[in-house]
Amino acid sequence: MVRAETITGRSLVNLRAICPSGAFPNTEIQERVPDTETIRTARISLNLLGDGFVEAVADQTLIDLSHDQCKASLGKICGQALYVPIVEAAGQTGVGRFGWKDQPASLLSFSGDAYLNEMGITNRLFPDEVTKLCNTASGPNDQPGPDGLADVDHFARFMRATKAPARDVQLAETPLVKKGSELFDKIGCATCHVRSLTTAAAGTKINGGTFTIPDALARKTFHPFGDFLLHDVGTGDGIVMAMQEHYGRNMYQIQWKNLSLESFASTQNKMRTAPLWGVRLRPQLMHDGQSVTLRDAILRHRGEATKVTRRFKRLKVNDQKALIEFLKSL
């Protein structure tokens, strides 16, 4: 007899499962999307290198960037700074900056989310199993080690310690790439693909007071070529984040500071600006991986980016080539 289970409040679909197995030879837990769920998309994974610097950027920096964009473009380009729950600090929120929908504000929240929703590993931040089938664990799978830290803590520490992807220094010094760099700014790409951001001062408490910015991450100017804000560039998939999936099943029992469900609803067709550092190393581009060349990705930009795409199309062939060569240096 097949035992069916309906999983609610979930938008992700896991491609692999641990059952059937020796312990549960007659149980299948492969997820199936019902015909009633008609909004569907693929998502590619995001680069995590250098995200310690991104986490250390003050919320106000991103809020100011959003305001400046909107003012300078007369309302045509307005990145959204979205306040999201910080799972490790119940009741506290921060400006989201990780994930395609900016769903986490902290790397520890990101880590706990990924452990459960990507790998099926429950942890202190996300203790509830997606399904009880094929499960014998009575508590969170991820338990603290002798140092008092669990895997989710070590993973967050690892991300904070990574360096950002380095540029191709030799290519960056060529005349063609230097010309492309100027055109990148001239046609407006840098409005959203912001070249430089600076982290907050050492000793600044972030993530609801749970993390203090160390000297190694403080007052550092880095070059992500992204604003970490949400924009509608015409490639949105109509998906609003499933709140319980990303913030825990008890999230509606908590009073979250500055949380606006209307703001979340407005993200339906928005995606986080993809930072371009390390873009030359990625064979698939955009949130769904459907663009396989840099030119494809540029030409897909519409919505808030319509004028910028139009300016790119108007460039001479050699100028278009120069701009693409510049991207290949990142």
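FYI, it's all coordinate maths here, none of it is from the lab. None of the values given here were measured: they were computed from a predicted structure. Quick reminder, even Gly has a Cβ in these numbers, built from the backbone with ideal geometry, and neighbours come from all protein chains shown.
Note on the chain: GNM, Cα springs under 10 Å; of GLY208, GLY234, GLY22, the largest mean-square fluctuation is that of GLY22.
Here, the stretch 191-295 yields an orientationally averaged convex hull projection of 9.0 nm² when only Cα atoms define the hull.
With only the Cα atoms considered, the stretch 51-328 has a convex hull volume of 145 Å³ per residue. Under the classification rounded if a/c is under 1.5, otherwise prolate if a/b is larger than b/c and oblate if not, where does the stretch 124-218 fall, given a ≥ b ≥ c as square roots of the Cα gyration tensor eigenvalues? Judged from the Cα gyration tensor, the stretch 124-218 comes out prolate (a/c at least 1.5, a/b above b/c).
The angle between the Cα long axis of helix 151-161 and the longest principal axis of the Cα atoms of the chain comes to about 10 degrees, rounded to the nearest 10. Cysteine residues of the chain whose Cβ has no partner cysteine Cβ closer than 4.7 Å: CYS189, CYS192.
Both radii were evaluated on the Cα set of the stretch 22-154; the Rg over Rh quotient, with Rh as the Kirkwood radius, amounts to 1.06.
The distance separating the Cα centre of the stretch 272-305 from that of the stretch 72-88 comes to 20 Å. Extension gain, THR198-LEU149: 0.36 nm per intervening residue step, less the Cα-Cα distance, totals 14.7 nm.
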